[in-house]
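The values are calculated or read from the model by the stated rules, or taken from the named source; none is laboratory data. Here the structure is a predicted model, which is why all the values come from computation and not from measurement. Here the Cβ is made from the backbone with ideal geometry for all residues, glycine too, and neighbour counts use every protein chain on show.
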Amino acid sequence: MCGVPDWFVAAVLAAVALAAALLATRRCGIPSPMGPWYSDMMMPVLRTGRFPDMVKLHAQHGPLFWWSFLGRRMLMVGTLEAVTRVHLGEGVIVRADYPTSVRKLLGPWGTLNTHGKAHIRIKRLAQPAFTPKAIRGYLPRMQAIAEQAVQKWAAEGDILVHQEMKWFTFRVVVETIVGCDDGWTSPENFPAVSSDFEVWVAGLFRDQIADTVLTLLFAGHDTSSSTLTRIFQHLHRHPEAVQRLRQEQAEVVAKHGSPVTEAALQDMKYAEGVVRETMRITPIINATLRVALQDFELCGYTIKKGTALQCSLTQPIKTDSRWQDEDDVQAFKPERWLHGAAQKQGAWIPFGGGQRLCLGWLLAMTEMKVLLASIFRRYALELRLPEEPWVEFPIARPKHGMPARFVATMDAS
Ligand code: HEM
C-alpha cells in the first residue's frame, strides 16, 4: 500500500481501536484503576500466580471499575445488589459469556454454553439428579466412597491431598449423578479413566448428552476438590477448629449412629461452618462472566450493549455487613456461621445465582461434609508443607499438590 509497511498499518489500526476503547471507557465515567490501556493484568497474574486484591480495588474505586485481562476489557461488578441484578437479568439484559477455550472444552451443548430456551431445557434434563430427595438417596453411596477413601489413605500414609480430593469428587459425580458403578473409578483404574476423561476433554465426544455429562464432570470435579483441599489447609492452621469438628462428630455419632443420614448432616453445623468459611475466605470461583445484551443502568451508570462484565462472587461475601463490626473479618472463623440467621441472610453467592445458579451446589456441600465426617471421626491429616503457595490460575490449587501424612487418631477403630 503506497510503500507503507503492513506492520505500520496494523499498528495504527490497533492504536485507533485502543484509543476508541479508552475514550468510550472515559466517557461513561466508570473508574479505570488499572491505568493506561496497555496495563493488561495477564502478566502480573501469570508472574505472581495471584489475582490482585479485588476487595481493596473495590474499596478504592467503588462498585464498578474497568480492568483488562488476556486482552479483554471487562467491567468488574462488586456489590451484592449489582451482582444479583446482573445474575437475575440472564437472558434479558445479559447472558453468560465464557471464553472460547471453555466453549470448546465443554462442547456447544454444555449448559454453560447454551442460552435461552436451549439452556433451560438442558438444565431441566439434568435437574432431577440434583434435587434434595435425589441427594438424600446418594448419601449411603457417598459415605461408602468416603470410607473407602479414608481407608486407602490410612493404608498409604503419605498422600497428595489435591490429587486424592480429585479422585474422591470424581468418584462421587460418576457413581451418583452419572450412575456408573462398575469399578471403573477404583484407585487402580482412576489414572486410566482420568486420561480417558482428558480425551473427552480434547473433544472426541460431541452430542448433547456427552456435553452435559462433560459439564457435570468438569464443573463438579475441580471446584469441589480444590475447595476440600483449601479446607485442609485452613484446618491445619486452626487446630481448635479440628477439635470442634471432632467433638461435633462424636456428638453426631452418639445421637444418630454412624450412617451419615440427612438428620445427621443437619446436626453437622460446625462442619457446615468450616465449608462456608473456607468458601468465604478462599473461594475457588471468583466471578461469573456475562455480556450485556442491551444498554442498561447499573449503579447509576449506563452499561452499553456488548460490554463484558465480570461479576464478583467474593467481594459481596467478604464485605457483607454481617461481618463488618467484627474486628477479625479476614480471619478463618467457622463459628460465624453457627447462628441459623447467618446461614440464611446476606450474601452467600459462591454458587452464583439466578437462572445459572450452580446445578451441583447441594451435592457439593453434601459431599464435602460427608468426607469431613469420615475423616474427623477417626483420622488426622498432617501437612508436610503447611506454607505451600497456591497457584490461582486457571483454577486454584496448591503448587506441590499438598503432600500430607494421613494418620489414624488414638481413638481409631
Ligand atoms: C465447591 C464446589 C462448586 C462451586 C464453588 C461451584 C460454583 C459454580 C458457579 C459460581 C456457577 C455459576 C456460573 C455462572 O453463573 O456463570 C456454577 C455453575 C454450574 N455448576 Fe457448579 N460449583 C461447584 C460444584 C459443582 C458440582 C459438584 C456440580 C455437578 C456435579 C456443578 C455443576 C454446575 C453446572 C452444571 C453449572 C452450570 C449451570 C448453568 O449453566 O445454568 N457444580 N457452579
_Restricting to segment 360-413, count the residues that are surrounded by 16 or more Cβ atoms within 10 Å (Cβ to Cβ) and β-branched (Val, Ile, Thr)._
3
*Looking at 294, 233, which one is away from the ligand (no atom under 13 Å from the Cβ), assigned to a helix (DSSP H, G or I), assigned by TED's automatic domain parsing to the domain that holds residue 170 and modelled with pLDDT of 95 or more?*
233
*Filter result for the condition that a residue is surrounded by 13 or more Cβ atoms within 10 Å (Cβ to Cβ), among the aliphatic types (A, V, I, L, M), within 16 Å of the ligand (Cβ to nearest atom) and at pLDDT 60 or above, over 228, 245*: 228
*Go through segment 121-143 and give me each residue that's within 12 Å of the ligand (Cβ to nearest atom) and either under 21 Å from the mean Cα position of the chain (by Cα) or at pLDDT below 85 (or both).*
121, 122, 123, 124, 125, 126, 127, 129, 130, 135, 142
*Which condition number in (1) at pLDDT 95 or above; (2) touching a Pro at 6+ places or on another chain (Cβ under 9 Å); (3) of a type outside the set (S, T, N, Q) is the one that residue 372 fails?*
(2)
*Which fully enclosed strands (runs of 3 or more DSSP E) of segment 298-408 have 1 or more residues being more than 16 Å from the ligand (Cβ to nearest atom) and touching a residue at least 24 places away in the same chain (Cβ under 8 Å)?*
301-303, 379-383, 403-408
*Of the numbered conditions (1) modelled with pLDDT of 65 or more; (2) in contact with a Leu (Cβ under 8 Å, 6 or more places away or on another chain), residue 37 fails exactly one; give the number of that condition.*
(1)
_Boolean, residue 404 is closer than 26 Å to residue 252 by Cβ, touching an Asp or Glu at 6+ places or on another chain (Cβ under 7 Å) and in the same structural domain as residue 111 (by TED's automatic domain parsing)_ = yes
*Looking only at segment 148-166, which residues are farther than 16 Å from residue 398 by Cβ and surrounded by 15 or more Cβ atoms within 10 Å (Cβ to Cβ)?*
148, 149, 150, 152, 153, 154
*Please state which one of 83, 102 is within 11 Å of the ligand (Cβ to nearest atom) and at pLDDT below 90.*
102
